[in-house]
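Enquirer: Please read through the structure below; I'll follow up with questions.
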Amino acid sequence: MAEITVQEMAKDLYLLKVADTHVRYFEAIWEIPEGITYNAYLLKTHEGAVLFDGWKKTYEKEFIETLSGLVPLEEIRHIVIHHMEPDHSGTLPKILELNGNKAVVWGHPFSKRLIEGLYGISPEFKAVKDGNTLEIGGRKLVFVQAPWLHWPETMVTYMPAEGVLLTGDIFGGYSIPYGTFDDEVDVESYLPFARKYTVTVIGHYKDKIAKNIEKLGKFGIEPKMILPAHGLLWQMDPQRIVQAYLDWGKGKPQKGKVVVVYTSMYRFVERAMKIAVEELKARGYMPVIHKIVDDYHSSLADILSDVVDSEAIVFGAETYESEVFPYAEFILNEMGKKVEYEKPLLLVAVFGWAAAAGKKLRSTIEESSFNLVDVVEFKGIVTPESDAKIKSGIKELNAAVRS
Ligand code: FEO
């Protein structure tokens, strides 16, 4: 049975939260053994109710029961769509059907096309421009577009009198926090889940994070409470998640953290990486190791998340069928899409009968923002010569970090 939370956030503003413990791969790719929550909200007034977003269709039955427990569905006069990804909009068609299609749907102009495209329905739709307001039952809602966090149609709703900001995906995080608000949990333990969420879901558009946060400031939005559509809600220190998102958007490094990520079919690459790790430690770094080997695969989501606040990266891979080992290529491509920062990167490549990985990965890295400090490529086992090259590569990496 799904774990559901209904809780009043401010006067007559309710959280409707479901914990998804079933999903293992968010968007069918990002490993989340920690699970995720879908947070919808409902505002009740004497002039009717406003629903903000919904849940994934998997939980449609539970959403209808939960929502009906708060308000007769036909009394919902407005539905605000902050974001059309189906983890929030999956319940929209059924709610509209049970509502008798009385509700006006408010959203970014692009949402109309997505509602029609994803669900084949055309409800009454109010396209929202920056600063548009909805006043109902003595409550005021102000809408501001926050595009590309992480779809083109993302937007937020601000309730100025209450200082409440409803943000959709923005400021959200993975996991199922054991409390509702930031003053009920160990925030330090939660933030890595929010970082992982930001990287995997919003990372491709990370440059938009600061722009949109700055935009909210221009609209005089200084929230006392931030209510995202995933994870923890913020009332004790909302600025903390705002600052965290800004830091992750920029890839702000944690001093001494170096990500060591490698693929190794028969541990040849691993032997080389052990030399790199020891050399890093000798220079005072704290290597965080991720690997693809024959008895363990690190999570791609964790790899990307660790790159965000690292000072540098050591990437190891081997040649496979005259190409780059497939997982190495996949990981590096995703790094280029989600966590491409100007961080120093050392490439270590190993081959059997013919070298290919070094040349191909060098080309990929040189086309990215990563600062390729050196490529160390050698055949098979680590020799004294290749040992020296690896140590020299770490020296170059250290120089780039310290420059
Ligand atoms: Fe939580 Fe982009 O959907």
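The values are calculated or read from the model by the stated rules, or taken from the named source; none is laboratory data. Predicted model, so just to flag it, every value in this text is computed and none were measured. Methodologically, a virtual Cβ is constructed for each residue, glycine included, from the backbone with ideal geometry; neighbour enumeration extends over all protein chains shown. When the accessible area is computed, the model is the full protein with side chains, heavy atoms only, and any ligands, DNA or RNA have been set aside. Shrake-Rupley method; radii C 1.70, N 1.55, O 1.52, S 1.80 Å.
Enquirer: Which of the numbered conditions does Ala354 fail, given that it passes all the others? Conditions: (1) in contact (Cβ under 8 Å) with a residue 12 or more places away in the chain; (2) surrounded by fewer than 21 Cβ atoms within 10 Å (Cβ to Cβ); (3) under 26 Å from Ile202 (Cα atoms).
Expert: Ala354 satisfies every listed condition except (3).
Enquirer: Do we have any residue at all in region 182-196 that's touching a residue at least 60 places away in the same chain (Cβ under 8 Å) and either within 27 Å of Pro109 (Cβ to Cβ) or touching a Gly at 6+ places or on another chain (Cβ under 7 Å) (or both)?
Expert: Yes, the conditions are met somewhere in region 182-196.
Enquirer: When region 249-281 is examined, which residues are found to be assigned to a loop (DSSP other than H, G, I, E, B), surrounded by 15 or more Cβ atoms within 10 Å (Cβ to Cβ) and either at negative phi or of a type in the set (Lys, Arg) (or both)?
Expert: Pro253, Ser264, Met265
Enquirer: For region 91-133, give me the residue count where each residue is buried (at least 21 other Cβ atoms within 10 Å of the Cβ) and either within 16 Å of the ligand (Cβ to nearest atom) or aromatic (Phe, Trp, Tyr) (or both).
Expert: 7
Enquirer: So, in region 134-182, exactly how many residues are under 20 Å from Lys224 (Cα atoms), of a type in the set (Val, Ile, Thr) and either away from the ligand (no atom under 12 Å from the Cβ) or outside the structural domain of Lys218 (by TED's automatic domain parsing) (or both)?
Expert: The qualifying residues number 6.
Enquirer: Shifting gears a bit: Has region 80-89 got at least one residue that is touching a strand residue (DSSP E or B) at 6+ places or on another chain (Cβ under 9 Å), away from the ligand (no atom under 14 Å from the Cβ) and closer than 22 Å to Tyr14 by Cβ?
Expert: Within region 80-89 (the criterion being touching a strand residue (DSSP E or B) at 6+ places or on another chain (Cβ under 9 Å), away from the ligand (no atom under 14 Å from the Cβ) and closer than 22 Å to Tyr14 by Cβ), the answer is yes, since at least one residue qualifies.
Enquirer: Restricting attention to region 67-81, does a residue exist that is hydroxyl-bearing (Ser, Thr, Tyr) and either touching a residue at least 60 places away in the same chain (Cβ under 8 Å) or under 27 Å from Trp151 (Cα atoms) (or both)? Can you show your working first?
Expert: Residues of region 67-81 hydroxyl-bearing (Ser, Thr, Tyr): 68.
Next cut, either touching a residue at least 60 places away in the same chain (Cβ under 8 Å) or under 27 Å from Trp151 (Cα atoms) (or both) only: none.
Taking every residue of region 67-81 in turn, none turns out to be hydroxyl-bearing (Ser, Thr, Tyr) and either touching a residue at least 60 places away in the same chain (Cβ under 8 Å) or under 27 Å from Trp151 (Cα atoms) (or both).
Enquirer: Do we find that Ala244 is within 16 Å of the ligand (Cβ to nearest atom) and aliphatic (A, V, I, L, M) in this structure?
Expert: For Ala244, the condition - within 16 Å of the ligand (Cβ to nearest atom) and aliphatic (A, V, I, L, M) - is not met.
Enquirer: Provide a single number: the residues in region 23-53 that are more than 19 Å from the chain's Cα centre (by Cα) and in a loop (DSSP other than H, G, I, E, B).
Expert: Total meeting the criteria: 2.
Enquirer: Here is a list: Ile36, Ile29. Which entry is within 16 Å of the ligand (Cβ to nearest atom), assigned by TED's automatic domain parsing to the domain that holds Tyr119 and surrounded by fewer than 17 Cβ atoms within 10 Å (Cβ to Cβ)?
Expert: Only one candidate qualifies: Ile29.
Enquirer: On to the next question. Looking at region 93-177, what strands (runs of 3 or more DSSP E) fall wholly within it and have at least 3 residues that are of a type in the set (Asp, Glu) and at pLDDT 95 or above?
Expert: none
Enquirer: In addition: Since His204 meets every condition but one in (1) open to solvent by 50 Å² or more (accessible area, probe 1.4 Å); (2) in contact with a Phe, Trp or Tyr (Cβ under 6 Å, 6 or more places away or on another chain); (3) within 16 Å of the ligand (Cβ to nearest atom), which condition does it not meet?
Expert: Evaluating His204 over (1) open to solvent by 50 Å² or more (accessible area, probe 1.4 Å); (2) in contact with a Phe, Trp or Tyr (Cβ under 6 Å, 6 or more places away or on another chain); (3) within 16 Å of the ligand (Cβ to nearest atom) leaves (2) as the failure.
For every residue, the table says whether it meets (1) open to solvent by 50 Å² or more (accessible area, probe 1.4 Å); (2) free of Cβ contacts under 8 Å to residues at least 60 places away in the same chain; (3) out of contact with any Gly (no Cβ under 9 Å at 6 or more places or on another chain).
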{"position": "Glu329", "(1), (2), (3)": "yes, yes, yes"}
{"position": "Val339", "(1), (2), (3)": "no, no, no"}
{"position": "Phe370", "(1), (2), (3)": "no, yes, no"}
{"position": "Val376", "(1), (2), (3)": "no, no, no"}
{"position": "Pro384", "(1), (2), (3)": "yes, yes, yes"}
{"position": "Lys389", "(1), (2), (3)": "yes, yes, yes"}
{"position": "Leu397", "(1), (2), (3)": "no, no, yes"}
{"position": "Ser403", "(1), (2), (3)": "yes, yes, yes"}
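Enquirer: Within 15 Å of the ligand (Cβ to nearest atom) and polar (S, T, N, Q): is that true of Thr21 in this structure?
Expert: Here the answer is no, as Thr21 does not meet what is asked.
Enquirer: Does region 258-269 contain any residue that is farther than 25 Å from Lys338 by Cα, free of Cβ contacts under 8 Å to residues at least 60 places away in the same chain and over 18 Å from the mean Cα position of the chain (by Cα)?
Expert: Yes, region 258-269 has at least one match.
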